[in-house]
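Before any comments, here is the structure.
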Amino acid sequence: MIVETDGMTDTLERARVSGQSRGEVIREICRHLVPFQTGERPITGDTVIAKDLTIDSLAIMDMVMELEDHFDISIPMNVVAEIHTVDQLADTIQKLCARR
Amino acid sequence: MGLFDRHAGLLEAYRDVRTTGYDPFQIRMERVLSPTEAIINGRKMLLVGTNNYFGLTFDPSCMEAAIEAIRAEGTGTTGSRIANGSYSEHVALEQEIAEFYGKKHCMVFTTGYQANLGLISTLAGEGDQLLIDADSHASIYDACKMTQAEVVRFKHNDPSSLEARLRRLGDRPGNRVVVLEGIYSMLGDSAPLREFIDVCKKYGAYVIVDEAHSLGALGDNGRGLCESAGVLDDCHFIVGTFSKTLGAIGGYCVSDDPDFDILRVTVRSYMFTASLPPSIVASVRQALKVVKAKPELRTQLWSNVSTLYEGLAAKGFKLGPQHGPVVGVHLPDPMTAIGFWRAMLDAGIYVNVAIPPATPNGVSLLRCSVCAVHTKEQLEHMIEVMTGIGRQLGVLEDRTLRVVGGAR
């Protein structure tokens, strides 16, 4: 599975139906990423998780595991490998929540 | 971009490690004297980091068996089992291991790493779901990179975390394959196997258990956690290694699956590498006989584990969660761990140092592995040395200072 960046309206609609707003998802992701923030730079949708933050690959996988349990979804490791930015992670979570 | 530029971060970290004077990743044993002693940097060291749980590397009967095998059949097989044929001894070894577990089939690999790599990536294919413990060994993670199956991690030693992930799969098609380890190699803790098996049964998942560090150590007959947890019949595949308790090198997998032998022509790490040399096969066969004949080695191992674990705990060290042949000592950060490790080497004791990213949850550890043939005196000396270093480095509270403080 590859994260789609188009078709957002559709994704958002499905996410809204399943009760996970974009804001909620982004907030939850940021809550887990704040400890890895470097300097004053804010975490945004464009933040490249592995590059802009001081977080190693193992910690990323552990964070994903926490998000999985929070949203009651599973994000396979090969999907995680394709995710680079906070927005892409949020897209994936919303899509999987909608499919639940 | 240069070929090594992507490793710049690691290179920098490695440089930091080497500034301590010794390179923990390139220790040279100038001469190995016994399972518990070697010459390093020109002096005799106590070895407490070799995974040599029963001390069988120097067992006279195993050594003789290996020497005889070399005289009889030469130094190597120079080929793979499928392309160049099996020796009778390969087949005999497989029968003996299958018998040891009471399973119908066994396949022997050239290393334990290759056993996990090939077996796991072959058993779980496209459309299947592979579920692995977050603290799995590198060989399991590497297998995940080779499989077409979907891979999901669950929290370490947490059956409810596995259950949540199996439940989420719902009625999606595909085999569920769960990978567990008998004893985890960094902190020496065991999986709550019975609970895991219950979850796997509920969701119809296949179970692979890696007994690399538990062979010999656990179970009334030394078969590992599957035996001590009483779930041998519920484990579909048991994997292990000859490179720890059995004192040589190689890997194996046992199973009752009637179609097991198809693996011999599908598992690439079995098919496309040279088979074990006669000397190794012979010493492993003999070592297995020793494991069966001398249960006192297991008793001695656990008595030594208890001496080291309880001794260090009493001094205030933070250790892995339970007794195990691996005793992991928590230290606050990588540089302290390396400094501690180096100070121990200076004091004549060799252990392993484990730092991120090779450790779970970013912890820094001194990894000690206990041997059945360590003497109580050796281990008590080690506890004393570690306590001294621990106080010097501020890892342990200095009791003399505390007494002075309290008297004020």
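The values are calculated or read from the model by the stated rules, or taken from the named source; none is laboratory data. Note that this is a predicted model, so its numbers are computed, not measured. Cβ sites come from the backbone with ideal geometry, for glycine too, and all protein chains shown count toward neighbours.
Residue check: B:GLY362 meets all listed conditions (1) at pLDDT 95 or above; (2) in contact with a helix residue (DSSP H, G or I) (Cβ under 8 Å, 6 or more places away or on another chain) but one, namely (1).
Exactly one condition in (1) small (Gly, Ala, Ser); (2) in a helix (DSSP H, G or I); (3) surrounded by 18 or more Cβ atoms within 10 Å (Cβ to Cβ) is false for A:ALA50; which is it? A:ALA50 satisfies every listed condition except (3). Residues of the stretch B:191-250 that are more than 30 Å from B:SER275 (Cβ to Cβ) and among the aromatic types (Phe, Trp, Tyr): B:PHE196, B:TYR203. The helices (runs of 4 or more DSSP H) found wholly in the stretch B:6-103 and carrying at least 2 residues that are modelled with pLDDT of 95 or more occupy B:60-73, B:81-84, B:88-101. Quick one: is B:TYR203 more than 10 Å from chain A (Cβ to nearest Cβ), touching a strand residue (DSSP E or B) at 6+ places or on another chain (Cβ under 8 Å) and surrounded by fewer than 20 Cβ atoms within 10 Å (Cβ to Cβ)? It is true that B:TYR203 is more than 10 Å from chain A (Cβ to nearest Cβ), touching a strand residue (DSSP E or B) at 6+ places or on another chain (Cβ under 8 Å) and surrounded by fewer than 20 Cβ atoms within 10 Å (Cβ to Cβ). Here A:ARG41 clears all of (1) over 19 Å from A:ILE83 (Cα atoms); (2) part of a loop (DSSP other than H, G, I, E, B); (3) modelled with pLDDT of 90 or more except the condition numbered (3).
Selection of the stretch B:261-294 for residues being in a helix (DSSP H, G or I), among the aliphatic types (A, V, I, L, M) and out of contact with any Phe, Trp or Tyr (no Cβ under 6 Å at 6 or more places or on another chain) yields B:ILE262, B:LEU263, B:VAL265, B:MET271, B:ILE280, B:VAL281, B:ALA282, B:ALA287, B:LEU288, B:VAL290, B:VAL291, B:ALA293. Here is the figure for the stretch B:166-191: residues that are outside any loop (DSSP other than H, G, I, E, B) and either in contact (Cβ under 8 Å) with a residue 12 or more places away in the chain or β-branched (Val, Ile, Thr) (or both) total 11. No other residue among B:ILE132, B:ILE140 is within 11 Å of another protein chain (Cβ to nearest Cβ) and modelled with pLDDT of 95 or more apart from B:ILE132. Scanning the stretch A:69-80 for residues that are at the interface with chain B (Cβ under 8 Å from one of its Cβ atoms) and within 17 Å of B:GLU163 (Cβ to Cβ) yields A:ASP69, A:ASP72, A:ILE73, A:SER74. Scanning the stretch B:143-163 for residues that are surrounded by fewer than 19 Cβ atoms within 10 Å (Cβ to Cβ), within 11 Å of chain A (Cβ to nearest Cβ) and either β-branched (Val, Ile, Thr) or outside any loop (DSSP other than H, G, I, E, B) (or both) turns up B:LYS145, B:SER160. Given the conditions (1) within 11 Å of the chain's Cα centre (by Cα); (2) within 24 Å of B:ALA8 (Cβ to Cβ); (3) within 13 Å of another protein chain (Cβ to nearest Cβ), report the number of the one that A:LEU33 does not fulfil. A:LEU33 satisfies every listed condition except (3). Which residues, taken from the stretch B:113-130, are surrounded by fewer than 23 Cβ atoms within 10 Å (Cβ to Cβ) and more than 30 Å from B:ASP171 (Cα to Cα)? Passing the criteria: B:TYR113, B:GLN114. One residue alone among A:THR54, A:THR11, A:THR47 is in contact with a helix residue (DSSP H, G or I) (Cβ under 6 Å, 6 or more places away or on another chain), farther than 24 Å from B:CYS144 by Cβ and at pLDDT below 80, and that residue is A:THR11. Screening B:THR359 with (1) farther than 30 Å from B:GLN300 by Cα; (2) touching a residue at least 60 places away in the same chain (Cβ under 8 Å); (3) within 14 Å of chain A (Cβ to nearest Cβ) gives one miss only, at (1). Residues in the stretch B:164-185 that are surrounded by fewer than 20 Cβ atoms within 10 Å (Cβ to Cβ) and away from chain A (no Cβ under 11 Å): B:ASP171, B:PRO173, B:GLY174, B:ASN175.
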